[in-house]
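A short write-up of the structure that comes next.
The values are calculated or read from the model by the stated rules, or taken from the named source; none is laboratory data. These figures come from a predicted structure and were not determined experimentally. A quick note on method: Cβ atoms are made from the backbone with ideal geometry, for glycine too, and the neighbour counts reach across all protein chains shown.
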Amino acid sequence: MNDATDNLIEIRDLDYTRGRRQIFRGLNITIKRGQITAIMGPSGTGKTTLLSLITRQLRPDRGSIVVDGIDVSALNQKELYRFRRRFGMLFQNGALLTDLSVFENVAFPLREHTKLPNRLIRHIVLTKLHAVGLRGAADMMPSELSGGMARRIALARAMVMDPDILIYDEPFVGLDPISMGVIVRLVRQMNDALGISSILVSHDVQEIAAVADCSYLIADGKVAASGSPDELSNTSSEVVKQFMHGMADGPVAFHYAAPNYAEQLLGRDVE
Amino acid sequence: MFRELYYTFVEFLRTFGALQLFFLRLLSHSPYIIVRRFGLVVHQVHNAGALSLVIIMVCGLFVGGVLGLQGYSNLSKFNAEDAVGAVAALGLIKELGPVITALLFSGRAGTALASEIGLMKATDQLSAMEMMAISPMQRVLVPRFLGGVISMPLLAAVFTVVGLFGAHLVGVTLLGVDAGAFWAQMQNAVEPGDVYEGIIKSTVFGVVASLLAVWEGYNAIPTAEGVGRATTRTVVITAISILILDFMITAISI
């Protein structure tokens, strides 16, 4: 690992277009080693797309993404898979493999990538399950789990290969307050106990304020604001204010672009 | 209008080309999976093959029974009802066995494959594998494809055997055709070439049905509607392809 620099991920002048919609325009983000970095933004700003770009599930139109000194776009398939082993990713709905039990789901990367004996795999898997508090659910099937449990299992699976970077895609969506609290605590604990770096994509302002060291707010394909959650709350920018305080109308308009209301009601727009 | 037709044609060619590339990718990964991860294939042979056995056997029995009935009623007009065994055997081995098995296989196993893979895609399971540096191609698609390819000829063989039993049941046991004549006529009429034709057909159909199921599932739009459409398309396209290919193979082998 390159310890000389504090910057783990550097995204420079990133452009990305999907279909006719330009999602990113000259995006610049720096993610520091050992920190929890939150990427926030209204729905549809491309937060998940950004994660896909960082892990090269997608390729940018322009600009560079450098992860720990490695230019992501220059990797071939073999190097890409080796590169991805450094990541653990928690998908929005957990993305557990539905035909495998909880235990086998967590064991899955170990069985695929290593030739460890069964006893050792069992040991590692139970340790990880214990860390997320679900050792007792080892024999259950994913369909029997609640949303919060599924996400915790997925977190155990994301950690099982001891990654350097943990990525969370909307980890708080659709959870009850207790499960949410559990996940928030786990995110913090994992980051500090394992000495890894975490990237968290979310729009749950409260939870992010509780857990993130640094946040980026993306709007209109660019970084609208960055800094600690406190700094973002006290900003003067209208966009940031609207987002952080959850105001219905503001720079991000309540109304989706539409023809003139009165004229549409009178049917004049049809002519 | 011509413009639309042109674009539809170009789109068809593009999809067909992509399908061929996809097929080559499946093939290029197959040796590794066969040698190193054969357990995954066995599991899929169980899913696609063993679990389709009951439906194949039931249908085989009745198709054979119908052949016995039709053969008897038509052949008896020429006092040739002894030939019912030969008629049933040739019909089953060369045509009905491979074709009906392939159609049933696509309805039972093909749809299961397409919807399973489509749902895995819709619920991010394939992306999760990608992120765990595990190739979905190797771990999910190739074993399912190979499972189908191995199962299909075996199922066609089972279908044919049960069909012959059905024809025997109706022709000999119920309608009173002489058992010796039934089997002797069959033995005289069926050449090794007929059996090879059946084997070739069922293998080709197995490749086509499995390929299309895996392809449709993998390319499904990851929504509930998309997976539903992929499942339907699997059955429809497989049925059309199999009937066209059946004609082509028959034409070549005659």
Inset, instruction - Could you figure out which of (1) assigned by TED's automatic domain parsing to the domain that holds residue A:206; (2) surrounded by 15 or more Cβ atoms within 10 Å (Cβ to Cβ); (3) of a type in the set (Gly, Ala, Ser); (4) assigned to a helix (DSSP H, G or I) isn't true of residue A:107? - result: (1)
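Before we move on, is residue A:80 within 11 Å of chain B (Cβ to nearest Cβ), among the hydrophobic types (A, V, I, L, M, F, W, C), over 16 Å from the mean Cα position of the chain (by Cα) and not in a helix (DSSP H, G or I)? Walk me through how you get there before you give the answer.
Working: within 11 Å of chain B (Cβ to nearest Cβ): yes; among the hydrophobic types (A, V, I, L, M, F, W, C): yes; over 16 Å from the mean Cα position of the chain (by Cα): yes; not in a helix (DSSP H, G or I): no.
Judged against the criteria, residue A:80 is not a match.
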Legend entry - The lone exception for residue A:97 - which of (1) more than 14 Å from every other protein chain (Cβ to nearest Cβ); (2) in a loop (DSSP other than H, G, I, E, B); (3) modelled with pLDDT of 90 or more it fails: (1)
Inset, instruction - Could you give me the residue pairs with C-beta distances under 9 Å whose first residue belongs to the stretch A:47-66 and is within 14 Å of another protein chain (Cβ to nearest Cβ), whose second residue is acidic (Asp, Glu) and in a helix (DSSP H, G or I) wherever it lies, and which are 6+ apart or on separate chains? - result: A:55/B:130; A:57/B:130
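With away from every other protein chain (no Cβ under 13 Å), outside any helix (DSSP H, G or I) and closer than 24 Å to residue B:36 by Cα as the only criterion, which of A:120, A:116 stands out? So that I can check it myself, show each step before the final result.
Working: A:120 fails: outside any helix (DSSP H, G or I).
After applying the criteria, what remains is A:116.
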Legend entry - Single residue of the stretch A:139-176 satisfying the filter (away from chain B (no Cβ under 14 Å), surrounded by 19 or more Cβ atoms within 10 Å (Cβ to Cβ) and in a loop (DSSP other than H, G, I, E, B)) that is modelled with the highest pLDDT: A:172
Inset, instruction - Sort out which residues of the stretch B:112-166 are at the interface with chain A (Cβ under 8 Å from one of its Cβ atoms) and polar (S, T, N, Q), and write them in order of number. - result: B:123, B:125, B:127, B:135
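Which of the helices (runs of 4 or more DSSP H) contained wholly in the stretch A:177-270 include at least 2 residues that are at pLDDT 80 or above? Break it down stepwise before answering.
Working: elements: A:177-194, A:205-211, A:229-233, A:238-244, A:261-265.
In the stretch A:177-270, the matching helices (runs of 4 or more DSSP H) lie at A:177-194, A:205-211, A:261-265.
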Inset, instruction - Of the numbered conditions (1) farther than 23 Å from residue A:193 by Cα; (2) away from chain B (no Cβ under 14 Å), residue A:38 fails exactly one; give the number of that condition. - result: (1)
Inset, instruction - Give just the number: which of (1) more than 28 Å from residue A:246 (Cα to Cα); (2) crowded, with 18+ Cβ neighbours inside 10 Å does residue A:36 not satisfy? - result: (1)
Inset, instruction - Check residue B:83 against each of (1) under 30 Å from residue B:237 (Cα atoms); (2) away from chain A (no Cβ under 14 Å); (3) not hydroxyl-bearing (Ser, Thr, Tyr) and name the one condition it does not meet. - result: (1)
